[in-house]
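Colleague: Sharing a structure with you now.
The values are calculated or read from the model by the stated rules, or taken from the named source; none is laboratory data. Keep in mind that this is a model prediction, so the values were computed, not measured. As a convention, Cβ positions derive from the backbone with ideal geometry for all residues, glycine included, and neighbour counts pool all protein chains shown. Surface accessibility is based on the protein's heavy atoms, side chains included, excluding ligands, DNA and RNA. Shrake-Rupley method; radii C 1.70, N 1.55, O 1.52, S 1.80 Å.
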Amino acid sequence: MSTASTSASGNGRGSDAWSRSWTHLRIDRRSRGHCRVTFDHAPINTITATTVAELAELVGLIEQDGDLNVVVFDSANPDFYLAHYDVENDPGRTAALGVGPTGLPAWTDVLVRLSRAPVVSVASIRGRARGAGSEFVLACDLRFASRENTLLGQFEVGIGLVPGGAPMARLARLAGRGRALEILLVADDLDGPRAAEYGYVNRVIADGRLDDEVDAMASRLARFDHDAIERTKSYVDRVTLPADDELSGPIADFRELFARPAQQAQWARLQELGLNTDSDIERSLGRRVVESLADA
Amino acid sequence: MSTASTSASGNGRGSDAWSRSWTHLRIDRRSRGHCRVTFDHAPINTITATTVAELAELVGLIEQDGDLNVVVFDSANPDFYLAHYDVENDPGRTAALGVGPTGLPAWTDVLVRLSRAPVVSVASIRGRARGAGSEFVLACDLRFASRENTLLGQFEVGIGLVPGGAPMARLARLAGRGRALEILLVADDLDGPRAAEYGYVNRVIADGRLDDEVDAMASRLARFDHDAIERTKSYVDRVTLPADDELSGPIADFRELFARPAQQAQWARLQELGLNTDSDIERSLGRRVVESLADA
Amino acid sequence: MSTASTSASGNGRGSDAWSRSWTHLRIDRRSRGHCRVTFDHAPINTITATTVAELAELVGLIEQDGDLNVVVFDSANPDFYLAHYDVENDPGRTAALGVGPTGLPAWTDVLVRLSRAPVVSVASIRGRARGAGSEFVLACDLRFASRENTLLGQFEVGIGLVPGGAPMARLARLAGRGRALEILLVADDLDGPRAAEYGYVNRVIADGRLDDEVDAMASRLARFDHDAIERTKSYVDRVTLPADDELSGPIADFRELFARPAQQAQWARLQELGLNTDSDIERSLGRRVVESLADA
């Protein structure tokens, strides 16, 4: 996850680093100023330790690249943008990621650095983005969602956990106290229109036009002056980004609560029900998470 | 208003304290984790010193109850959720309430402690909630409003007062500067859809489905892990709750301005017009408050 | 721009200062408590050094006038509310404005003092308000927009600049991080409904009813108690207004970036395309700003 190897290249697009082989990402540098990143981790785009490591490397490349203005993140799977985190039955893999350059745990570090990077990050959302997947889109600068085909949610409280990537800090600012508490505590899915009503996404776009409209915005941004983008964004950052001390608590809570026997048992029931596979429960996880409760 | 008598009971649901006889409230402990509180103070659910004292006691019970996850507040009167404060022509009754455990005046103390309590408080709004009634719903964590039958407002500026329960602090954060200033200064009623558009409530629900939908959410929340709810809420609290020093000024302003002869006279005219009774002016108070102005 | 000459008059409405001849404004003191200011600077209501000087004088009058409750700002031109800033090919005129009473540069000073003034400022928006025109409406307390005939935007990033009047600070708080970044970085126009969806304006009003509805609100506000308005507004100010140190950076960035040869050349191309005139490009500036890019 070190970015040292890429900082040596310095000049962005020409760097071999961008075109190396990625495992869970497809990267298309459409122009000097415009990059498209497509999540492609069958079957349902779960986020694993490998995804985190690759995103950390990618964010390092983005930070180093003075030519780049805009990065669009979309999904190869129209049903799942980013399902949620999968520890792959081996929490050691995630623990081994350690901390990133900010001193925060690897996943939180990726989110923080993406938000602060001197480019415009855009989530073009089609399908489901829950848990860490929702945390990822919240860390992007702009969020556009398919009107007909989006489900967003933080289901963690439904399984006895605190969302670890600190979406509390971001949702509280985007959606306001009442709506943030509803999203986080009721822990159910929001469809696209509800997400837009709540400020969870910028707005919805008809599914058939989502790709073209986001691409037009990105192509426009790619032509703008990098310095004007960077400086203007930095003023918004000052007002809107969480302080670092809001970000380290939730991941500690997540780990503490996840280690409880009741939560281990609930997680096991969820896996029996089809978690991490292209299953019915993954398609309706917000509503059906209650089926994993001990009293279900 | 002391909570000492209830803290001794310690164990929540089994406590006699919950089932004591209440004057302005009906309390239904539906399950270990779920409580329904119904405002029932004929004819129009005004808030009086008695209501404040009972709510203070209730919040004390809520704070002590480690089993409780969610409290829903609704109204026995479909036209009036909580009309507004009524001093009952005797400001001494309110003054005698003194300060609460936070050191803030009793009403402000109830609101602050409800917001911080380790449960999910839900306002299920049908009918009118103005002045202190609006302040109460703003202090709840979640607000759902009947689409067809809701009127919310802070009419205080219309009678020459500063809203005393500090809705400025809460509305500014929920609705943003422009909309908060409109609500507070124009001081007119908002119907449900406008309230949702402005972030004053989470969202509207068709009147015929409001009770069932809120009940389903509460039943879901009641089954979740208490610790996960408490910790997750606390992270949102840090970002969204007003500081104590934002809360003590408005009540002092309210008292100072209310004591002016012009405001006493305006209040008397409002009472002649039907304030505190099930009257036409109470049904359209936001619009008709101007009828009490000296130049009317 | 000194307010000294007006502070001597002291008593507001009777002052000759209000009825002096204005160059870019028409001022109609409708009642003791209610003033209407109409932007009237043909052909497209650009903001120039003269406009800034007049607005500074007007804000001084507003600050001094204990009778005034509400000031409505509208436009004599239904197509252009306030087009944007025009340096009139002589940056020296703007530089000569110096700093205002807050110690901030003249334009920023006008915006800051308007926001803090003890009256309700209302932007009644019909037509286009971009760049500094958008900054002006953002500094007003309330913003109502014609549903059918409004275009708002900050096009500065599209010409390689940072918006100088610090709309980053205001939009970030009104619209939230994601929508503020979209407005500022994509730098395209928003129509009325989109602006309302994003919190950029309070709400839209059907064009045919805009004037009457805003006038009714202002007439209502004019009758209310001045002290109640001033004190209630001040509590919202504390929570929502930017700190001074958020406001001085952007204007310095604007000047630095504007002085670059590439930006001077882009500005010249915009002028060739019809900037500052009643032209097609002014009618679609958000979309067409790309035509001035070096690669266009």
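Colleague: Can you tell me how many residues in region B:175-215 are within 12 Å of chain C (Cβ to nearest Cβ) and farther than 27 Å from C:A172 by Cβ?
Modeller: 2
Colleague: Report those helices (runs of 4 or more DSSP H) wholly inside region B:227-296 carrying at least 3 residues which are of a type in the set (A, V, I, L, M, F, W, C).
Modeller: B:248-258, B:261-273
Colleague: Search region C:33-66 for residues being among the β-branched types (V, I, T) and assigned to a strand (DSSP E or B), and hand back the single one that is surrounded by the most Cβ atoms within 10 Å (Cβ to Cβ).
Modeller: Applying the filter and picking the extreme gives C:I47.
Colleague: Further question: Within region B:209-222, can one find any residue that is under 30 Å from B:G92 (Cβ atoms) and open to solvent by less than 40 Å² (accessible area, probe 1.4 Å)?
Modeller: no
Colleague: Continuing with the same structure: Against the condition more than 8 Å from chain B (Cβ to nearest Cβ), touching a strand residue (DSSP E or B) at 6+ places or on another chain (Cβ under 7 Å) and either more than 26 Å from C:E282 (Cα to Cα) or at pLDDT below 95 (or both), how does C:A222 come out, does it pass?
Modeller: yes
Colleague: What number goes with the only condition from (1) touching a strand residue (DSSP E or B) at 6+ places or on another chain (Cβ under 6 Å); (2) within 24 Å of A:D245 (Cβ to Cβ) that A:L97 does not pass?
Modeller: (1)
Colleague: Please go through region C:148-169 and give me each residue that is of a type in the set (A, V, I, L, M) and more than 9 Å from every other protein chain (Cβ to nearest Cβ), ordered by number.
Modeller: C:L151, C:L152
Colleague: On the given criteria, is A:A172 open to solvent by 40 Å² or more (accessible area, probe 1.4 Å) and either of a type in the set (A, V, I, L, M) or more than 19 Å from A:F144 (Cβ to Cβ) (or both)?
Modeller: Spelling it out, it is not the case that A:A172 is open to solvent by 40 Å² or more (accessible area, probe 1.4 Å) and either of a type in the set (A, V, I, L, M) or more than 19 Å from A:F144 (Cβ to Cβ) (or both).
Colleague: Against the condition at pLDDT below 95, part of a helix (DSSP H, G or I) and of a type in the set (S, T, N, Q), how does A:T94 come out, does it pass?
Modeller: yes
Colleague: For A:A145, are the conditions met, namely being of a type in the set (A, V, I, L, M, F, W, C), more than 27 Å from A:T94 (Cα to Cα), more than 8 Å from every other protein chain (Cβ to nearest Cβ) and open to solvent by less than 10 Å² (accessible area, probe 1.4 Å)?
Modeller: Yes, satisfied.
Colleague: Follow-up. How many residues does region C:213-228 hold that are of a type in the set (A, V, I, L, M) and either free of Cβ contacts under 8 Å to residues at least 12 places away in the same chain or over 18 Å from C:F144 (Cβ atoms) (or both)?
Modeller: Number satisfying all stated conditions: 2.
Colleague: While we're on this one: For region B:33-52, what are the residues that are under 24 Å from B:P118 (Cα atoms), touching a residue at least 60 places away in the same chain (Cβ under 8 Å) and in contact with a Leu (Cβ under 7 Å, 6 or more places away or on another chain)?
Modeller: Residue satisfying the conditions is B:G33 alone.
Colleague: For region A:274-291, how many residues meet the condition of being closer than 17 Å to A:D86 by Cβ and more than 11 Å from every other protein chain (Cβ to nearest Cβ)?
Modeller: 10
Colleague: All but one of (1) among the hydrophobic types (A, V, I, L, M, F, W, C); (2) under 19 Å from the mean Cα position of the chain (by Cα); (3) open to solvent by 30 Å² or more (accessible area, probe 1.4 Å) hold for C:I183; state the number of the condition that does not hold.
Modeller: Of everything listed in (1) among the hydrophobic types (A, V, I, L, M, F, W, C); (2) under 19 Å from the mean Cα position of the chain (by Cα); (3) open to solvent by 30 Å² or more (accessible area, probe 1.4 Å), C:I183 misses just condition (3).
Colleague: So, in region A:109-166, exactly how many residues are over 22 Å from A:D280 (Cβ atoms) and in a strand (DSSP E or B)?
Modeller: 10
Colleague: Being within 17 Å of A:K233 (Cα to Cα) and hydrophobic (A, V, I, L, M, F, W, C) is the filter here; which residues of region A:60-74 pass it?
Modeller: Those that are within 17 Å of A:K233 (Cα to Cα) and hydrophobic (A, V, I, L, M, F, W, C): A:I62, A:L68, A:V70, A:V71, A:V72.
Colleague: Residues to consider are B:R126, B:R30, B:R130, B:R116; find the one that is surrounded by fewer than 19 Cβ atoms within 10 Å (Cβ to Cβ) and in contact with a Leu (Cβ under 8 Å, 6 or more places away or on another chain).
Modeller: Matching residue, one of B:R126, B:R30, B:R130, B:R116: B:R116.
Colleague: Looking at region B:186-208, which of the residues that are part of a strand (DSSP E or B) and among the charged types (D, E, K, R) is most open to solvent (accessible area, probe 1.4 Å)?
Modeller: Step by step, filter region B:186-208, then rank; the result is B:D191.
Colleague: Do we find a residue being open to solvent by 10 Å² or more (accessible area, probe 1.4 Å) and in a helix (DSSP H, G or I) anywhere in region C:67-90?
Modeller: Scanning region C:67-90, I find no residue that is open to solvent by 10 Å² or more (accessible area, probe 1.4 Å) and in a helix (DSSP H, G or I), so the answer is no.
Colleague: Further question: Considering every residue within region B:239-253, establish whether at least one is of a type in the set (V, I, T), touching a residue at least 40 places away in the same chain (Cβ under 8 Å) and open to solvent by 20 Å² or more (accessible area, probe 1.4 Å).
Modeller: yes
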